[in-house]
Amino acid sequence: MSPFYDWICQFYVLQDECLTKSFKPVLVSVCFEFSGASSSKIMQASRARLFKEYKEVQREKAVDPDIQLVCDDSNIYKWTALIKGPSETPYEGGVFQLAFSIPEQYPLLPPQVRFLTKIFHPNVHFKTGEICLDILKNAWSPAWTLQSVCRAIIALMAHPEPDSPLNCDSGNLLRSGDVRGYRSMARMYTRLAAMPKKG
Amino acid sequence: MSKRILCKFFLHGACLKGEYCEFSHDWQDQPNNICTFYQKGVCSYGNRCRYDHVKVSRQQTSRPSSLNTASHVTSDFHQVTLPPVVSLTREYNPEPSTSVDVSAMSLAHTLPCKPAWTKAFEVDTSLNDESGPCPTYVSPADQPICSFAASGKCPRGDRCPHIHGDLCSICGKHCLHPFRPDEREEHIKMCHKNNKHLEALKCSQEIECSVCLEHVLSKPTAAERKFGLLSECDHPFCISCIRNWRSNSPASGMDVNSALRACPICRKLSYFVIPSVIWYSTKEEKQEIVDSYKIKLKSIDCKYFDFGNGTCPFGTSCFYKHAYRDGRLEEVVLRHLDAEDGSTIIAKDIRFVSGFEGG
C-alpha cells in the first residue's frame with residue numbers, strides 16, 4: 001500500500017516490456033512512466049483520504065451503532081458496510097450489507113455503492129442492488145464520507161422516493177397509495193433476506 | 001507574486017535552485033531593490049543604504065526603476081562625508097591608546113557589510129580627516145544604531161560605541177532608533193502586524209480541510225499549505241482540494257452549478273476561490289484578504305485579453321489587468337440600450353466599425 005508499491009509495479013512492468021519487446025525504443029517506456037506519475041498522484045490523494053476515514057471509523061465505532069464499516073484487508077478501494085434497518089419502517093430488525101467500490105479519483109468522484117442484501121425498496125434495483133440516490137450521482141460532494149453515505153442510505157430507506165423508482169413494482173405500490181401493500185412486501189423481503197434464519 | 005521578481009542569485013549568474021527557484025529567472029522581470037531592514041523599521045545604514053528606503057504596501061512590492069536607483073546611488077556618493085563609526089569612537093574614547101583599538105575593531109565589524117565602492121571612498125575620507133578640515137559632526141538621525149542590540153543582545157553592553165536603540169515593547173528588542181521618528185513608527189506598526197499575523201497563523205494551524213480531512217497547514221509541500229476561501233461562505237478547504245473539485249469535469253455527471261461550483265459543505269454557490277496563507281476570524285479580515293488578492297491579480301496582465309489582441313471571456317468583470325502594450329487601460333464603456341419593452345439592457349461586445357475614414 002505504500003507509494004513505492006506503484007513504483008515497483010511500474011518498474012517490473014517496464015522490465016518485462018524490455019525483455020519481451022527488446023527492440024522497442026526507450027521513448028515508449030518514458031511516456032509510460034509519465035502517465036503513471038500523474039495517475040499515481042491522484043491515487044495517493046485518494047488513498048490518504050481513505051486511510052484517514054479508516055482511522056476515523058476505527059475511532060468512532062461506538063458512536064453510530066447502526067453502521068459498521070469494514071475495509072477489505074488487501075484493497076483499500078473496496079469496503080463493505082452492515083447497516084441496520086431504521087426503526088418504524090418495514091426494514092426494522094434487518095441487517096443489510098452494502099458493497100462500496102471506490103474510484104481512484106475519490107473524493108472528487110462518488111463511491112459506487114450497491115446493496116448486497118436483497119431489499120424491496122422503490123429506489124433500489126431489486127436484482128443488482130443499485131441505489132438511486134442523488135448524492136451518489138450528480139449531487140455528490142467531496143465533503144461526504146463513507147460513513148455519511150451510509151447515513152444517507154439509512155435515511156433513504158426511511159423516506160423512499162417513489163417518483164424516481166428503480167424498482168417499479170415497489171414504486172407503483174407507493175404511488176398508487178397502497179402503503180400497506182408496500183409495507184408488507186418490504187417486510188417479507190426483510191424477513192427473508194436480512195434477518196438471521198430461525199433455528 | 002515572487003515569481004515575477006528577478007532572482008538576485010540568478011542576476012549574478014549563480015542560482016542553485018534552478019528551475020525550482022521561487023523567484024523569476026526571466027531577464028525581463030525586475031529585481032526587488034527594496035531594503036528589507038527598512039521594512040522592519042531598522043536599517044543601520046540610514047540614508048546611505050544602497051537599497052531603496054520606501055514603504056511598501058502590499059499592493060506594490062517591486063518598484064522597478066533602474067534609473068531611479070542609479071540616481072539614488074550617485075547622490076549618496078555626494079552625501080557621504082565620513083564614516084560615522086570613526087567620529088563616534090573619537091568622541092567616546094578620549095584616550096588615544098584604546099581609541100585606535102576600538103575604531104579598528106568596529107571598522108572591521110562594519111566593513112564586510114559595505115559595498116566595495118564605498119570602501120575605497122572611506123579610505124579617502126579618513127585621510128582627509130587627518131590633513132584638512134572636515135565636518136566631524138554627524139546629525140544623530142544619521143548615526144546607525146547597534147545592530148547587535150537591535151537583534152537581541154549586545155555583547156559589549158555599555159561600552160558599545162554605537163547608539164543602542166530604545167526597547168520595542170512588542171518584540172522586546174532594542175531596535176527603535178531614538179532619532180528617527182518615522183522609522184520607529186514604522187517598526188511599531190510592523191510589530192503589531194506581525195503579532196496579529198502570528199496569532200492568526202496559530203489559530204489557522206488547527207483548521208482541517210473537509211475534502212482531504214487533513215490539517216491544511218500540515219500538508220507536505222509549501223504550495224499545498226494554503227487555504228482556499230470561498231467568496232460566499234466560510235468553510236475552510238485546502239486550495240488544491242477545492243480547486244481540484246471545482247475543475248472536476250462536468251462529464252463525470254456532476255451538476256456544474258449545484259455541485260461543482262457550490263461549497264461541498266453548505267452547497268452555497270461561490271464564483272471564485274481566494275488563496276490565503278492564514279484563515280480569517282472576522283468578516284473584515286476576510287474582506288481584507290479578498291481585496292488584496294484582487295489587487296494582486298489586477299497587476300497581472302490577462303492572458304486572454306493579450307494586450308488587446310485577444311478577447312477575454314470574462315469581459316469587464318475579469319480580475320486580471322486589461323491593458324494595451326503602451327500601458328493604456330482598456331476603456332470600460334457600458335452601453336445602455338433601451339430595449340423594445342421599455343427596460344434597459346447593458347450591451348456587451350459592441351465593435352466600433354470606423355465609418356468616418358471611408359467617407
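Compared with the direct C-alpha span, the chain from B:Phe272 to B:Ser292 gains 5.8 nm at full extension, assuming 0.36 nm per residue. Exposure proxy ranking for A:Arg59, B:Arg156, based on other Cβ atoms within 10 angstrom of each Cβ and starting from the fewest, stands as A:Arg59, B:Arg156. Label-to-label distance for A:Glu161 and A:Gln44 is 3.7 nm, based on points extended 7 Å past Cα in the beta-carbon direction.
Inter-chain neighbour count for B:254-260: the average number of beta-carbon atoms from partner chains within 10 Å of each residue's beta-carbon is 4.
Would you mind pulling out the separation of the Cα centroids of the stretch A:59-122 and the stretch B:216-256, in Å? When both Cα centres are located, 27 Å separates them. Protection proxy ranking of A:143-149, B:285-291, by the mean of other Cβ atoms within 10 Å over each peptide's residues and highest first, is A:143-149, B:285-291. Here r is the Cβ-Cβ distance between B:Gln30 and B:Phe314 and R0 is 30 Å; the resulting FRET efficiency, rounded to 0.05, is 0.65. Taking the Cα centroid of the stretch B:281-320 and of the stretch A:131-177, what is the distance between the two, rounded to the nearest whole Å? Value for the Cα centre distance between the two parts: 42 Å. Ranked by how many other Cβ atoms sit within 10 Å of their own Cβ, fewest first, the residues A:Phe96, A:Phe51 fall in the order A:Phe51, A:Phe96. Of A:Lys55/B:Lys219; A:Lys52/A:Lys137; B:Lys55/B:Lys321; B:Lys219/B:Lys286; A:Lys55/A:Lys197; B:Lys226/B:Lys298, which pairs sit farther than 27 Å apart, going by alpha carbon to alpha carbon? From A:Lys55/B:Lys219; A:Lys52/A:Lys137; B:Lys55/B:Lys321; B:Lys219/B:Lys286; A:Lys55/A:Lys197; B:Lys226/B:Lys298, over 27 Å: A:Lys55/A:Lys197. When B:His215, B:His162 are sorted by how many other C-beta atoms sit within 10 angstrom of their C-beta, beginning with the fewest, the order is B:His215, B:His162. Label separation (A:Gln112 vs B:His192): 6.0 nm, computed from points 7 Å beyond Cα along the C-beta direction. For the stretch A:84-183, GluC sites (Glu not before Pro) meeting the loop criterion (DSSP other than H, G, I, E, B) and having at most 10 other Cβ atoms within 10 Å: A:Glu88. Applying 1/(1 + (r/R0)^6) with R0 = 22 Å to the Cβ-Cβ distance of B:Tyr51 and B:His12 gives a FRET efficiency near 0.90.
All of the numbers you see were taken from the coordinates with simple rules; none came from a lab. No experiment lies behind these values; they were computed from the predicted model shown. So basically every Cβ, Gly included, is an ideal-geometry build from the backbone, and we count neighbours across all protein chains shown.
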